[in-house]
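Novice: Quick one: the structure is below, and I'll ask about it shortly.
The values are calculated or read from the model by the stated rules, or taken from the named source; none is laboratory data. Nothing here was measured: the structure is a model prediction, and the numbers come from that model. Cβ coordinates were reconstructed from backbone atoms using ideal geometry, including for glycine residues, and neighbour counts include every protein chain displayed. To get the accessible areas, we keep the full protein, side chains included, count just its heavy atoms, and leave off ligands, DNA and RNA. Shrake-Rupley method; radii C 1.70, N 1.55, O 1.52, S 1.80 Å.
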Amino acid sequence: MDKTGIIISHNYMNHNPGLGHPESPDRIKSIYEALQKRSLLNNSNIKVYEPLIALTPEVNLVHPEDYINKIKVLCDSGGGPLDLDTFASPDTYKTALLAVGGGLTAANKVLEGEVENSLAFIRPPGHHAGFSKARGFCFFNNIAVLAEYLNKIKKFNRIMIVDLDVHHGNGTQEIFYSTPYILYLSLHQDGRTLYPGTGFISDIGSGEGEGHIVNIPLPPGTGDKSYINALKEVIYPLSDLFKPEVLLVSWGFDTYHRDGLANLQLTPQAYTELANILLKVASKHSGNRLIILLEGGYNISMLGNLASNVVAALAGLNNVYRETELVEEAGIERYVKKLIQDLKIELRKVWGQL
Ligand SMILES: [Zn+2]
């Protein structure tokens, strides 16, 4: 068995939200070029797959039919805006179906035993999309459809979604707010300082899903040290209790310190370390089933290298693109430690002492 599957396609460049829009087709080009340059497309540990397009009933696991049709009709008539920053072009509908399909393909390759783990380099991204709401560059919620597919079709009853995009995945949170078979853990820049303005520690889910929404809103300036510590402090004890049968990741590379859309301060080598933490959790609880979907990441010249660090780590290769370490601003470390303490207090009534 090969270790890692990559799902990618030039067809992901067919959705075009317009000249100058940060969620540009060139993001896929950047990933292709870096993978090629770092010899990750012809490595014996890595297999590259074309995605299968998703079928309407699959998308319908999350999104109502009239919403799916609305996107199709808009694209058939030439495209147009769905919110202030979410624009459909004529090929957006098809590309968005292919993005959902890329996630499903990534999972199927793992479940069929072809690879141990997988990454789908898909666009448009998905985690801001609600049941019937395109927003924040997103049309269909790729990771939510994948999670429902794994539950409804593949019968997994404990699915953990880790969201490492710099923006809170408000769509994913809304969709799964009272869903007991999902545990959604998001690290993001504090909503008081960044779009979409949601994702606070007091949002913990409701009803049967109480305690299954976990938000870590980080202050602007958070760097490698506090970010990695925050993830470890929460994901290790929580996964020991939840015991995920499969680990899904919404991965955005807009946490990078030179990303134009946000203010976290991660360096490239942090992505290697984060991947290793996720591998550890997947190995302990999930039979190594780790499936990663691309969300954001808008520094076009670096996106490929950041993503390639994750590919290399998943494939067990020592191939790390590094930059000079950055020192966090004074006070960040203390702030984040206190935040994690407060979060654990919020979660105590459901999970006990984490
Ligand atoms: Zn983002």
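Novice: From Leu303, Leu261, which residue is among the aliphatic types (A, V, I, L, M), open to solvent by 10 Å² or more (accessible area, probe 1.4 Å) and either part of a helix (DSSP H, G or I) or within 16 Å of the ligand (Cβ to nearest atom) (or both)?
Specialist: On the way: Leu303 fails: open to solvent by 10 Å² or more (accessible area, probe 1.4 Å).
When all the criteria are applied, what remains is Leu261.
Novice: Identify all residues within segment 44-77 that are in a loop (DSSP other than H, G, I, E, B), open to solvent by 40 Å² or more (accessible area, probe 1.4 Å) and over 17 Å from Gly171 (Cβ atoms); write none if there are none. Give the derivation first.
Specialist: Pass one, segment 44-77, residues in a loop (DSSP other than H, G, I, E, B): 44-45, 50-55, 60-64, 77.
From the residues that got through so far, the ones that are open to solvent by 40 Å² or more (accessible area, probe 1.4 Å) too are 44-45, 50, 52-53, 55, 60-61, 64, 77.
Matches in segment 44-77: Ser44, Asn45, Glu50, Leu52, Ile53, Leu55, Ser77.
Novice: Give segment 96-134 a look and list any residue that's in contact with an Asp or Glu (Cβ under 8 Å, 6 or more places away or on another chain), assigned to a loop (DSSP other than H, G, I, E, B) and open to solvent by less than 10 Å² (accessible area, probe 1.4 Å), or say none.
Specialist: Residues satisfying the conditions are Arg123, Pro124, Pro125, Gly126, His127, Ala134.
Novice: Condition first: more than 11 Å from the ligand (Cβ to nearest atom) and in a loop (DSSP other than H, G, I, E, B). Now tell me which residues in segment 247-258 satisfy that.
Specialist: Matches in segment 247-258: His257, Arg258.
Novice: Could we say that Thr95 is in contact with a Gly (Cβ under 9 Å, 6 or more places away or on another chain), among the hydroxyl-bearing types (Ser, Thr, Tyr), farther than 29 Å from Ile228 by Cβ and away from the ligand (no atom under 16 Å from the Cβ) here? First the steps, then the outcome.
Specialist: Working: in contact with a Gly (Cβ under 9 Å, 6 or more places away or on another chain): no; among the hydroxyl-bearing types (Ser, Thr, Tyr): yes; farther than 29 Å from Ile228 by Cβ: yes; away from the ligand (no atom under 16 Å from the Cβ): yes.
Spelling it out, it is not the case that Thr95 is in contact with a Gly (Cβ under 9 Å, 6 or more places away or on another chain), among the hydroxyl-bearing types (Ser, Thr, Tyr), farther than 29 Å from Ile228 by Cβ and away from the ligand (no atom under 16 Å from the Cβ).
Novice: Quick check on Val162: is it buried (at least 19 other Cβ atoms within 10 Å of the Cβ) and either part of a loop (DSSP other than H, G, I, E, B) or aromatic (Phe, Trp, Tyr) (or both)? Write out each step before concluding.
Specialist: Details: buried (at least 19 other Cβ atoms within 10 Å of the Cβ): yes; either part of a loop (DSSP other than H, G, I, E, B) or aromatic (Phe, Trp, Tyr) (or both): no.
So Val162 fails the test.
Novice: When you scan segment 133-152, do you find a residue that is more than 16 Å from the ligand (Cβ to nearest atom), farther than 18 Å from Ala107 by Cβ and at pLDDT 95 or above, even just one?
Specialist: Yes, because at least one residue in segment 133-152 is more than 16 Å from the ligand (Cβ to nearest atom), farther than 18 Å from Ala107 by Cβ and at pLDDT 95 or above.
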